[in-house]
Amino acid sequence: VDEVREQGEESPADDEAAARSERWAELQRAIFPGRTISDGAGVIQLDAPPRALDAALVPFTITLPGDKQIKSVFLVIDNNPGPLAGRFTFGAAADPRTLKVRMRVNTYTDVHAVAEDSAGNLYAVQNFVKASGGCSAPAGPNAEESTSNVGQMKLKLVSEFAPGEPVQAQLMIRHPNFNGMQMDQLTRLYAPAHFIRTINITYDDQPVLRIESDIALSTDPVITFGFKPSRQGQLKVEVTDSKEQSFVREFSVP
């Protein structure tokens with residue numbers, strides 16, 4: 001090993017780090033063309049398991065600890081078939097400090113969270129996640145069962161409601177989020193792609209959160225987000241998927 005290093009040859013670890021760096025550089029050019037991305041330390045924080053227990057249900061927590069006015073966050077899973085897993089845009093009634101989602105992760109990969117502030121500046125942080133096969137993991141025993149009750153939603157508050165104070169809510173949506181890579185365990189055929197594209201959340205007609213998603217969102221996604229209710233009111237969720245199906249639900253809060 002010492003002789004190899006003396007000859008100036010790179011180790012496998014060096015090669016892997018270089019490949020990961022180049023992959024991120026490619027994605028920056030594709031997703032954020034011509035834009036500079038700064039170090040996001042102190043602006044955005046990404047928490048993820050170093051090794052996923054279930055690659056089809058990998059939990060990510062995005063925290064905005066600083067005082068910058070962040071208008072949107074991008075979650076990029078570098079080595080997924082569709083790297084841009086989601087864009088989350090915060091509205092006037094949002095409390096953007098904490099956001100939790102569950103995603104499919106296909107292989108060992110860097111994951112980047114990129115915050116965009118109100119001036120259009122970008123800040124990124126990254127984590128490395130060990131996972132395998134999340135994008136092809138079946139959503140259930142068969143496609144018919146996975147699509148039953150599609151579009152049903154549940155909402156629960158995970159912090160105490162007080163008018164004028166931020167509150168955290170957990171939204172659960174029934175949807176298979178097939179990406180075309182899952183095999184039906186009974187028919188041995190691949191389920192056609194059928195996944196959520198957008199989720200729009202408002203509170204008394206004030207925008208809270210818009211999610212633009214892709215094939216990485218987990219089956220029956222669970223999203224935890226914050227909002228600022230000025231009074232008791234109605235939280236409205238509108239979901240649109242890749243088959244142009246729309247699902248709408250209103251919840252009384254509290």
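The values are calculated or read from the model by the stated rules, or taken from the named source; none is laboratory data. Everything quoted here is computed from the prediction, not taken from an experiment. So basically every Cβ, Gly included, is an ideal-geometry build from the backbone, and we count neighbours across all protein chains shown. Surface areas here come from the heavy atoms of the whole protein model, side chains and all, with no ligands, DNA or RNA. Shrake-Rupley method; radii C 1.70, N 1.55, O 1.52, S 1.80 Å.
Figures for the structure shown
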| read-out | value |
| --- | --- |
| Total residues in the range 143-169, condition buried (at least 20 other Cβ atoms within 10 Å of the Cβ) and out of contact with any Ser or Thr (no Cβ under 9 Å at 6 or more places or on another chain) | 0 |
| Verdict on Glu238 being of a type in the set (Asp, Glu) and either touching an Asp or Glu at 6+ places or on another chain (Cβ under 7 Å) or more than 18 Å from Thr98 (Cα to Cα) (or both) | yes |
| Any pair with Cβ under 7 angstrom, 6 or more apart, that starts in the range 177-188 at a residue that is under 15 Å from Ser242 (Cα atoms) and open to solvent by less than 50 Å² (accessible area, probe 1.4 Å) and ends at one that is at pLDDT 75 or above and not in a loop (DSSP other than H, G, I, E, B) | Asn177/Ile196; Asn177/Leu217; Phe178/His194; Gly180/Tyr190 |
| Close pairs (7 angstrom Cβ cut-off, 6 or more residues apart or separate chains): free of Cβ contacts under 8 Å to residues at least 40 places away in the same chain and at positive phi in the range 79-93, of a type outside the set (Ser, Thr, Tyr) and open to solvent by 60 Å² or more (accessible area, probe 1.4 Å) anywhere | none |
| Residue among Glu26, Glu16 that alone is part of a helix (DSSP H, G or I) and at pLDDT below 95 | Glu16 |
| From the options Ala41, Ala55, residue that is hydrophobic (A, V, I, L, M, F, W, C), farther than 27 Å from Gln182 by Cβ and touching a residue at least 60 places away in the same chain (Cβ under 8 Å) | Ala41 |
| Arg249 being under 22 Å from Pro138 (Cβ atoms), in contact with a strand residue (DSSP E or B) (Cβ under 8 Å, 6 or more places away or on another chain), basic (Lys, Arg) and open to solvent by 20 Å² or more (accessible area, probe 1.4 Å) | no |
| Output for the range 204-253, where each listed residue is of a type in the set (Val, Ile, Thr), touching a Ser or Thr at 6+ places or on another chain (Cβ under 8 Å) and within 14 Å of Gly151 (Cβ to Cβ) | Thr219, Val239, Thr240 |
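Let's see how each residue does on (1) outside any strand (DSSP E or B); (2) of a type outside the set (D, E, K, R); (3) out of contact with any Lys or Arg (no Cβ under 7 Å at 6 or more places or on another chain); (4) open to solvent by 20 Å² or more (accessible area, probe 1.4 Å):
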residue	(1), (2), (3), (4)
Ser38	no, yes, yes, yes
Leu46	no, yes, yes, no
Leu53	yes, yes, yes, yes
Pro65	yes, yes, yes, yes
Val76	no, yes, yes, no
Asn80	yes, yes, yes, no
Lys100	no, no, yes, yes
Thr107	yes, yes, yes, yes
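Condition check ((1) open to solvent by less than 30 Å² (accessible area, probe 1.4 Å); (2) assigned to a strand (DSSP E or B)) across all residues:
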position	(1), (2)
Val114	yes, yes
Ala124	yes, yes
Gly133	yes, no
Leu171	yes, yes
Pro207	no, yes
Ile211	yes, yes
